[in-house]
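Here the structure is laid out as structure tokens; the discussion comes afterwards.
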Amino acid sequence: MNARSAWLSPDGQTRGDTRVTQVGAVTPVTDAKGRSGVLPGSEGGQYRLTGLWLAGTAGTMSATMSVGRAVIQSTIARGAYPVAVTEPVTLTFTDGNPQYGRIDLVVLRVYDHDHDGLGRYEAVVEIVEGEAKALPVAPDAPDASLPLFTVAVAAGLSAGTGGIAWDTARTDLRPTTVAVGGILPTRSDDTAAGGYPGAYREVADVLQRWNGSAWVPYPKAVGGIAPAGAVSTGAYTGQYRDSSTGTLQRWNGSVWAPAVTTPWFTSSLDAGSTTSTTYTAALVETTVTALTLNFTAPGTGAVLLHFGARISTKDNSTATAFMAPQITQGSTVVFTPNDEYAASYGGPVAGSVATMWRLYGLTPGTVYTMTAMHRSSDAAVTCWFDNIFMRVDPTA
């Protein structure tokens, strides 16, 4: 039988017909299989998942499985088994091995003699006991079963020795499943792939979308700005987010970078002087041996250089003091200071001067260094520089 339809055959609908024709019933995994899982929900909608919870009894080896609904997907030929646990189920774990601990697996299991030959037609909650060993691991889940919890049973453990410490021994494995198109609420350790591009799930209050190869954050529509803390990795180059410090950032394909590049700035309030008639970074009578500023060339390769100082020529009204920047990239000098571009001033009474000009042709993304350089027009005249500043702005 290549195609099967529910509620069509005049001879009656088989159990297999019902299972394999649950079109749209659960989250797709392939074009013909759904995702096994517990149906989410809780009384009053307060919790993500309360169905089939395992509540241990303190001081004992027993626990109770609560009511709930689930779907267990088998092979394409067998189809999906819908299961409902309508009354609490009590489970009792075997006492611990005298020498080694073990890990037991609690599953919701379907027995179907037509396929497994075990002589039963029923769904049960059962314990699959693990092997006691020095480094215990959980056993494999049986065919047509849904893993719900693991429970660690320590060596020598029994009701007489205090029973199972449920808060630390129990590990929740319950997967979830929802109808086709529904948003799947799941845990952060769920590594299952999406069934199709455009599928959605929620993990730790963050909406994610399956893009065909990975789950990517999707807190806002394309073009929206993701709120702080909602996105750790960008979903696409050009996505924006608000950082935890309130700074707008842009995903460049590999890292979050500032969306708006702020100016680079440095200054010195420690006055210094020079009598050198050639440009020098070193001033005397100051602790600042050289004032420098590192900056990264923007994508345009162009920046605006701002610089200036409070300048005087000691006891002289005819000499001129010059301040100009030198630009280097590593050990290579990109721009040499000269008088034409300098901020200049002459006179024994100090005056504040500044200038600005555009430097272009830089390599985008490369770090450059701007160094304040100074000189005097007369070797006999001491030129003083105070309140020195430099600023670099990215520009078109």
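Kindly evaluate ASP315 against the criterion of being in contact with a strand residue (DSSP E or B) (Cβ under 8 Å, 6 or more places away or on another chain) and either modelled with pLDDT under 95 or not hydroxyl-bearing (Ser, Thr, Tyr) (or both).
Here the answer is no, as ASP315 does not meet what is asked.
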> Could you give every pair whose Cβ atoms fall below 7 Å, whose first residue belongs to region 135-149 and is closer than 18 Å to GLY37 by Cβ, and whose second residue is part of a loop (DSSP other than H, G, I, E, B) and of a type in the set (A, V, I, L, M), counting only separations of at least 6 or pairs across chains?
Replying inline: PRO147/ALA141; PRO147/LEU173; LEU148/LEU52; LEU148/LEU173; PHE149/LEU173
>> Looking at region 210-229 only, could you name the residues that are at pLDDT 80 or above, assigned to a loop (DSSP other than H, G, I, E, B) and touching a Pro at 6+ places or on another chain (Cβ under 8 Å)?
In response: ASN211, GLY212, PRO227
> Within region 276-393, which strands (runs of 3 or more DSSP E) (wholly inside it) include 2 or more residues that are more than 47 Å from the chain's Cα centre (by Cα) and farther than 19 Å from TRP264 by Cβ?
Replying inline: 302-313, 321-329, 343-345, 351-359, 367-376
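So, ASP205, is that one modelled with pLDDT under 90, acidic (Asp, Glu) and not assigned by TED's automatic domain parsing to the domain that holds GLN73 or not?
On the way: modelled with pLDDT under 90: yes; acidic (Asp, Glu): yes; not assigned by TED's automatic domain parsing to the domain that holds GLN73: yes.
Spelling it out, ASP205 is indeed modelled with pLDDT under 90, acidic (Asp, Glu) and not assigned by TED's automatic domain parsing to the domain that holds GLN73.
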>> If I filter region 360-376 for residues that are in contact with an Asp or Glu (Cβ under 9 Å, 6 or more places away or on another chain) and crowded, with 17+ Cβ neighbours inside 10 Å, do I get at least one hit?
In response: yes
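Rundown of residues vs (1) more than 30 Å from VAL29 (Cβ to Cβ); (2) touching a Pro at 6+ places or on another chain (Cβ under 7 Å); (3) surrounded by fewer than 17 Cβ atoms within 10 Å (Cβ to Cβ), yes/no style:
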| site | (1), (2), (3) |
| --- | --- |
| ASP167 | yes, no, yes |
| THR176 | no, yes, no |
| ASP189 | no, no, yes |
| ALA192 | no, no, yes |
| GLU202 | no, yes, yes |
| ALA235 | no, yes, no |
| ASN252 | yes, no, yes |
| THR274 | yes, no, no |
| THR277 | yes, no, yes |
>> Considering only residues that are surrounded by fewer than 15 Cβ atoms within 10 Å (Cβ to Cβ) and in a strand (DSSP E or B), which ones fall in region 98-125?
In response: TYR121, GLU122, VAL124
> For region 130-209, list the strands (runs of 3 or more DSSP E) that sit wholly inside it and hold at least 3 residues that are over 30 Å from GLY117 (Cβ atoms) and touching a strand residue (DSSP E or B) at 6+ places or on another chain (Cβ under 8 Å); which are they?
Replying inline: 170-172, 184-186, 200-203
> Which one of the conditions (1) outside the structural domain of ASN97 (by TED's automatic domain parsing); (2) in contact with a Gly (Cβ under 8 Å, 6 or more places away or on another chain); (3) within 27 Å of ALA123 (Cα to Cα) does LEU146 fail to meet, given that it meets all the rest?
Replying inline: (1)
> Is one or more of the residues making up region 68-81 farther than 21 Å from ALA192 by Cβ and not in a loop (DSSP other than H, G, I, E, B)?
Replying inline: no
>> So PRO348 passes all but one of these: (1) within 25 Å of VAL367 (Cα to Cα); (2) touching a Ser or Thr at 6+ places or on another chain (Cβ under 7 Å). Which condition number does it fail?
In response: (1)
>> With the requirement that a residue be out of contact with any helix residue (DSSP H, G or I) (no Cβ under 8 Å at 6 or more places or on another chain) and either surrounded by 11 or more Cβ atoms within 10 Å (Cβ to Cβ) or touching a residue at least 12 places away in the same chain (Cβ under 8 Å) (or both), what does region 38-53 give you?
In response: VAL38, LEU39, PRO40, GLY41, SER42, TYR47, ARG48, LEU49, GLY51, LEU52, TRP53
>> Looking only at region 126-157, count every residue that is loosely packed, with under 14 Cβ neighbours inside 10 Å and either within 19 Å of ALA63 (Cβ to Cβ) or of a type in the set (Val, Ile, Thr) (or both) and tell me the total.
In response: 1
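The values are calculated or read from the model by the stated rules, or taken from the named source; none is laboratory data. Everything numeric here is computed off the predicted structure, so don't read it as measured data. So basically every Cβ, Gly included, is an ideal-geometry build from the backbone, and we count neighbours across all protein chains shown.
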